[in-house]
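To start, the structure itself, in structure tokens.
The values are calculated or read from the model by the stated rules, or taken from the named source; none is laboratory data. Small disclaimer: the values here were computed from a predicted structure and weren't measured. When we count neighbours, we look across all protein chains shown, and the Cβ atoms used for this are built from the backbone with ideal geometry, even at glycine.
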Amino acid sequence: MNAFSYRLTLTALLAALCVANARAEDPKSGTSMFSFSGFGTLGVVHSSEKNADFTSSVFKPDGAGYSESWSPGVDSRIGAQLTARFSRQFSALVQVVAEQRYDDTYKPSVEWANIKYQFTPDLSARIGRIVLPVYMVSDFRKVGYANPWVRPPTEVYGTNPVTNIDGTDLSYRLHLGEITTTLHGTYGRDYTSDYPHGVSSKARDVWGIVDTTEYGAASFYVSYLQSHISLRPPIALFDAFRQFGPQGIAIADNYELIDKTVRVVTLGASYDPGNWFSMAEWTHSKYHSFLGKSTGWYVSGGYRIGRFTPYITDAQVTNAITSDPGLTLSTLPPYLAVPAAALNAGLNQVLARNPVQRTISAGLRWDFTKNFDFKLQCDHTRLGPGSPGTLINVQPGFRSGGTLNLFSATVDFVF
Amino acid sequence: MGCAVALSSTAVRADVVAVVSSKSSITTLTKNQVIDIFLGRRIRFPDGNPAVPIDQAEGSATRNEFYERFANMSPALLKAFWSKIIFTGRGLPPQSVANSMEAKKFVMANLNTIGYIDRSMVDSDVKVVLAP
């Protein structure tokens, strides 16, 4: 978390306290203005692949496989939330989440911190740190208890790991007979240095439109988001390409992730009549950089038998850009062709890292007692040819294009 | 013997109905309309008047029966549903009272309120708008 977000949180808290003081003098308020709630997951993951780590987010430095035989860091977290309702219109919320961070600590960070104004029961605006609503379950992707799986499928939810932005959003709900549709517009920015290895990113002019439509047990989700993203530090490889004239410059400009427009479209649907559920989501991201053009989808379903919910998921991520011919070696003099070939190899190594994989999962959720569930999940992943998939910390002995199995066990709770 | 068991099990099972004040202009609602009001998806009755749902305490038999029968939701599923809403700041569950007696008092006192109570407690003060 950077200085800006500390200031933001402080401002939100101070504003909350000021209004709280003003309101505390009002003798009419009967029920408590503050409500406190929390959620958490305790889990372990085991991977059959010993030469790379499986993890749930690019913000984590290690995971299950190479670094740890049984990794608690992949899914474990705890979140606490304070909501203050100052009046029927005016409320504020702060949510703090502690989970494995880039520096391998569990230092808490501010997930949301915003002030909400409810103009009418169907129209509201928020300002502060708010959700980045890229996917169908973005709003509660960290709340294990609210999700059917151990974790949202990495093939979709891993393609854009950022969960919040600092900005503002507007939400409008429409009722058309028995159909409810909610339109959501969002604008803001996200500066984060929470990546391992000193990497940071700046996303500015993030804006998006989301529509969620509900009809009985069915719901549909459509979102479009775009942003200008820069990644730091710049990759030295691209500066080297620039030494090779117009073609080298064109390659560098094409693949460098500096002030590039990133666009994401997501479609989703779910049907949950109670006894069973099914859901599916499809997402396409264009990064205009070495991250390529990624497409992810999953289909999932489960059946509820009393306190038990067995479920299965099929998920896939592909990328349209995993290689590039690079510099044309035949037109270069021999003393330049050798370093040019090395650069081409370097570029192709970077592009080959774009995740391509397919995972079949089977799991069981057991609601063993009030406000707690226990989940077991087995994932079988086939990596794309030459791709490490979503794995990190790939070691020399790693063989790409293979398969791996994951075993996960978690306890989720809410309070 | 089997017949006697079947009879006694229906007698034990709470029979829950959704009610409004007898002075309310609402006469009947569909299952979807009632459930949408209780799940926060709908804030008005079909006639345009505001609708305020009143819940019963977590763990109470009448509450479990109400959501099981009309929404096909177990207590765990309902909790998961509200977790999605609460942890995004999109809303809070309806205000809740201890039992059907309290729910009935609430409904009688406020024309905009809709509650659910045990059918045995229905009298001229309240109007049944949805029954199984």
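Yes or no, residue by residue, for (1) free of Cβ contacts under 8 Å to residues at least 60 places away in the same chain; (2) part of a loop (DSSP other than H, G, I, E, B); (3) under 17 Å from A:Pro161 (Cα atoms); (4) of a type outside the set (Phe, Trp, Tyr):
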residue	(1), (2), (3), (4)
A:Asp239	yes, no, no, yes
A:Gly245	yes, no, no, yes
A:Ile251	no, no, no, yes
A:Val262	yes, no, yes, yes
A:Ser270	no, no, no, yes
A:Ser278	yes, no, no, yes
A:His288	yes, yes, no, yes
A:Trp297	no, no, yes, no
- request: For region A:102-111, indicate whether the set of residues that are under 19 Å from A:Gly40 (Cα atoms), at pLDDT 95 or above, buried (at least 22 other Cβ atoms within 10 Å of the Cβ) and among the hydrophobic types (A, V, I, L, M, F, W, C) is non-empty.
  value: no
message: Which pairs turn up if I take residues in region A:156-180 that are in contact (Cβ under 8 Å) with a residue 24 or more places away in the chain and look for partners that are among the polar types (S, T, N, Q) and not in a strand (DSSP E or B) with beta carbon separation below 6 Å, at least 6 apart in sequence or on another chain?
response: A:Gly158/A:Thr390; A:Pro161/A:Ser57; A:Glu178/B:Asn32
- request: Mind listing whichever residues of region B:63-87 are within 14 Å of the chain's Cα centre (by Cα) and aliphatic (A, V, I, L, M)?
  value: B:Ala71, B:Met73, B:Leu78
task: Assess whether B:Glu58 counts as being over 30 Å from A:Leu183 (Cβ atoms) and not in a helix (DSSP H, G or I).
output: yes
- prompt: How about region B:78-87: which of its residues are at the interface with chain A (Cβ under 7 Å from one of its Cβ atoms), assigned to a helix (DSSP H, G or I) and buried (at least 19 other Cβ atoms within 10 Å of the Cβ)?
  reply: B:Lys79, B:Ala80, B:Ser83, B:Ile86
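When you look at A:Phe368, is it modelled with pLDDT of 95 or more and within 15 Å of A:Gly43 (Cα to Cα), yes or no?
So A:Phe368 does not fit the description; no.
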message: Checking the structure you have, find out if any residue of region B:66-73 is within 10 Å of chain A (Cβ to nearest Cβ) and touching a His at 6+ places or on another chain (Cβ under 8 Å).
response: no
- request: Could you list, in sequence order, all residues of region B:88-114 that are among the aliphatic types (A, V, I, L, M), facing another protein chain (nearest Cβ under 10 Å) and under 14 Å from the mean Cα position of the chain (by Cα)?
  value: none
field: Which listed residue is of a type in the set (D, E, K, R) and either surrounded by fewer than 16 Cβ atoms within 10 Å (Cβ to Cβ) or within 14 Å of chain A (Cβ to nearest Cβ) (or both), from B:Asp118, B:Asp123
entry: B:Asp123
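Can you pull out the residues in region A:51-92 that are touching an Asp or Glu at 6+ places or on another chain (Cβ under 6 Å) and of a type in the set (Phe, Trp, Tyr)?
Within region A:51-92, A:Phe59, A:Tyr66 qualify.
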field: Some residue of region A:201-210 being buried (at least 17 other Cβ atoms within 10 Å of the Cβ), out of contact with any Lys or Arg (no Cβ under 8 Å at 6 or more places or on another chain) and free of Cβ contacts under 8 Å to residues at least 60 places away in the same chain
entry: no
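With A:Thr313, A:Thr318, A:Thr309, A:Thr283 as the choices, which residue is over 18 Å from A:Tyr135 (Cα atoms) and in contact (Cβ under 8 Å) with a residue 60 or more places away in the chain?
A:Thr309
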- request: Any chance you could count how many residues in region A:400-415 are in contact with a Lys or Arg (Cβ under 6 Å, 6 or more places away or on another chain) and more than 19 Å from A:Pro152 (Cβ to Cβ)?
  value: 1
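A quick yes/no check of all residues on (1) aliphatic (A, V, I, L, M); (2) modelled with pLDDT of 95 or more; (3) surrounded by 22 or more Cβ atoms within 10 Å (Cβ to Cβ):
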{"residue": "A:Gly301", "(1), (2), (3)": "no, yes, no"}
{"residue": "A:Ala320", "(1), (2), (3)": "yes, yes, no"}
{"residue": "A:Leu351", "(1), (2), (3)": "yes, yes, no"}
{"residue": "A:Asp373", "(1), (2), (3)": "no, yes, yes"}
{"residue": "A:Leu376", "(1), (2), (3)": "yes, yes, no"}
- prompt: Regarding A:Gly306, is this residue over 30 Å from B:Gly59 (Cα atoms) and at pLDDT below 95?
  reply: no
message: I'm checking my understanding of the structure. Among residues of region A:113-123 that are facing chain B (nearest Cβ under 9 Å) and at pLDDT 95 or above, which one is farthest from the chain's Cα centre (by Cα)?
response: A:Lys116
Answer residue from region A:159-195, given it is touching a Gly at 6+ places or on another chain (Cβ under 8 Å) and in a loop (DSSP other than H, G, I, E, B) and is surrounded by the most Cβ atoms within 10 Å (Cβ to Cβ) among those: A:Thr159
- request: Could you tell me whether region B:27-46 includes any residue that is closer than 27 Å to A:Lys116 by Cβ and among the small types (Gly, Ala, Ser)?
  value: yes
statement: Selection from region A:42-63 of residues assigned to a strand (DSSP E or B) and in contact with a helix residue (DSSP H, G or I) (Cβ under 6 Å, 6 or more places away or on another chain) yields none
